[in-house]
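Okay, so here's the structure we're looking at.
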Amino acid sequence: MGFWKFSIALHLKRILQQWSISACLLVLPLLVMATGLLLPPGAQPNILKVGILLPEKSERGELIWDRLLQYSDAQTLFIRAESEEQVRAMVAGRNWECGYMFVEDLDVKLGRNDYDRIITRVMSPASMTLFTGWTLSSVVLEVCVPDIAVDYLKGQSWFPSGETGALPPYMRGMYGGDEISELKIEEIDKGYEDAGAADPTGASLSRGFIALFLFVVSYLCVVQFHEDMDSDFFGRLAPYVSRPDLLSSFLGAVALPMLTAGTLSVLFGKQFFPIHFTDLMLEVMLLVLYLFCLAGFSFLLSLVLRNRNAMIAALPFFVILCLLLSPILFDIGQWVGEARLLADLLPPAHYMKVTSRDTAFGDYTALWRMIWYTLAIFGLVAGIHYIRRRAVTSRRRE
């Protein structure tokens, strides 16, 4: 215990003298406050608008439209177009990011499994159409897959006289026996009015700053730890104090400034976005859990990247991954399923998913995933450390 008190006091004094760590902790509350001033509640969120032109009185077209409405969220909005001229004019004027026009005989072509040239894409040179194209393709496949499956079963002579009455109930529902619940355009428009009033953009950006900056601080602590281990003072302690004890004392020393900066940021967030920031005690509890999560990730980094220069070189890579995979600026996981799996490996993504609802701790599934992730990463660190200690002990005996 005496070593811990001495080590934490020493590290805390040194942390306050480290300009990189201190700057991150000081800038974090200011960034949240600036976000609240520049993007106050009610400001227009940056929505990616996509025009969709479907033929009139098309059964398949309505199914496609219903599914596209389900993909609309705070970042992407699909808009029903009235004519080809409207699509081209809105895209040319950059009112819409891009547009997709379906052929007039859509039902006929899909009925005979003809998918050639059924969609025409309208875009400007700077359009972001990659992810929207994937979304549209997946929706068309969702509508057409039941027909493809039934045609295949017919070809395999599963049905007498080609009838589909022998289909299982769930396939009859997919094939058209059960109607899909309709989403009225008026309800969608009202939902976006509510979303604009609640302003998820500024709140999400504030949460993103908290998650990202605390992650960077914990990462810089590991960099500083490797630099310390190369110094003469800590080099003399290495034979008597294990690396996990030295790193844990460092992280314990920086935990208080990190929690203070995070709490101040939450207080600013509550002032500007009261809907998206909940009770202060719950917010602090979530920050403590996130700090444990970062501590486990930092331990793992110290075991995998054991060189200071390698850590510094990998920092931009981790920051870019957090920006792309965590729902801070946009959620790439809603378009690319594999991105969700990769995002689950990063602590900021877990923090953002827990707070993605109207209030912190609103998504209990994401909260349990974050808890299990923290326990799993500490278990992995303990396993790696145990294996390495056994290997060192074995070499010494030899």
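Let's see how each residue does on (1) modelled with pLDDT of 80 or more; (2) surrounded by 22 or more Cβ atoms within 10 Å (Cβ to Cβ):
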{"position": "PHE225", "(1), (2)": "no, yes"}
{"position": "MET229", "(1), (2)": "no, no"}
{"position": "LEU237", "(1), (2)": "no, no"}
{"position": "ASP245", "(1), (2)": "no, no"}
{"position": "THR263", "(1), (2)": "yes, no"}
{"position": "LEU289", "(1), (2)": "yes, no"}
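So which of PRO55, PRO40, PRO29 ends up being within 30 Å of PRO274 (Cβ to Cβ), of a type outside the set (A, V, I, L, M) and in contact with an Asp or Glu (Cβ under 8 Å, 6 or more places away or on another chain)? Show your work before the answer.
Numbers: PRO55 fails: within 30 Å of PRO274 (Cβ to Cβ); PRO29 fails: in contact with an Asp or Glu (Cβ under 8 Å, 6 or more places away or on another chain).
Criteria check complete, one pass: PRO40.
Quick check, is SER204 at pLDDT below 85 and among the hydroxyl-bearing types (Ser, Thr, Tyr)?
Values: at pLDDT below 85: yes; among the hydroxyl-bearing types (Ser, Thr, Tyr): yes.
Judged against the criteria, SER204 is a match.
Quick check: is even one residue across the stretch 111-131 exposed (fewer than 11 other Cβ atoms within 10 Å of the Cβ), at pLDDT 85 or above and within 21 Å of GLU56 (Cα to Cα)?
No, that holds for no residue.
Can you name the residue in the stretch 290-308 that is touching a His at 6+ places or on another chain (Cβ under 9 Å) and part of a helix (DSSP H, G or I) and is also farthest from ASP230 (Cα to Cα) among such residues? Let's see the steps before the verdict.
So the first thing to find is which residues in the stretch 290-308 are touching a His at 6+ places or on another chain (Cβ under 9 Å), and the list is 290, 293, 299, 302-303, 305-308.
From what is left, the residues that are part of a helix (DSSP H, G or I) are 290, 293, 299, 302-303, 308.
Details: TYR290: 29, CYS293: 26, PHE299: 18, SER302: 14, LEU303: 15, ARG308: 9 Å.
By that ranking, first place goes to TYR290.
Look through LEU26, LEU31, LEU16 and report the one residue that is at pLDDT below 75, within 30 Å of PHE225 (Cβ to Cβ) and either in the same structural domain as MET258 (by TED's automatic domain parsing) or not in a helix (DSSP H, G or I) (or both).
Details: LEU26 fails: at pLDDT below 75; LEU31 fails: at pLDDT below 75.
None of the others qualify; the one that does is LEU16.
Looking only at helices (runs of 4 or more DSSP H) that lie completely in the stretch 323-398, which have at least 1 residues being among the acidic types (Asp, Glu) and either modelled with pLDDT of 85 or more or under 17 Å from the mean Cα position of the chain (by Cα) (or both)? Before the answer, list the steps.
Values: elements: 337-343, 347-354, 364-397.
In the stretch 323-398, the matching helices (runs of 4 or more DSSP H) lie at 337-343.
If you take the residues of the stretch 61-90 that are assigned to a loop (DSSP other than H, G, I, E, B) and of a type in the set (Ser, Thr, Tyr), which of them is nearest to the chain's Cα centre (by Cα)? Don't jump to the end; show me each part of the working.
Within the stretch 61-90, the subset assigned to a loop (DSSP other than H, G, I, E, B) is 72-75, 81-83.
Filter once more, so that each one left must be of a type in the set (Ser, Thr, Tyr): 72, 83.
Values: SER72: 17, SER83: 36 Å.
So the residue we want is SER72.
Out of (1) surrounded by fewer than 19 Cβ atoms within 10 Å (Cβ to Cβ); (2) outside any helix (DSSP H, G or I); (3) at pLDDT 80 or above, the odd one out for PRO45 is which?
(3)
The values are calculated or read from the model by the stated rules, or taken from the named source; none is laboratory data. Note that the structure is a prediction, hence the values are computed from the model and not measured. FYI the Cβ positions are ideal-geometry reconstructions off the backbone, even for glycines, and counts take in every protein chain you see.
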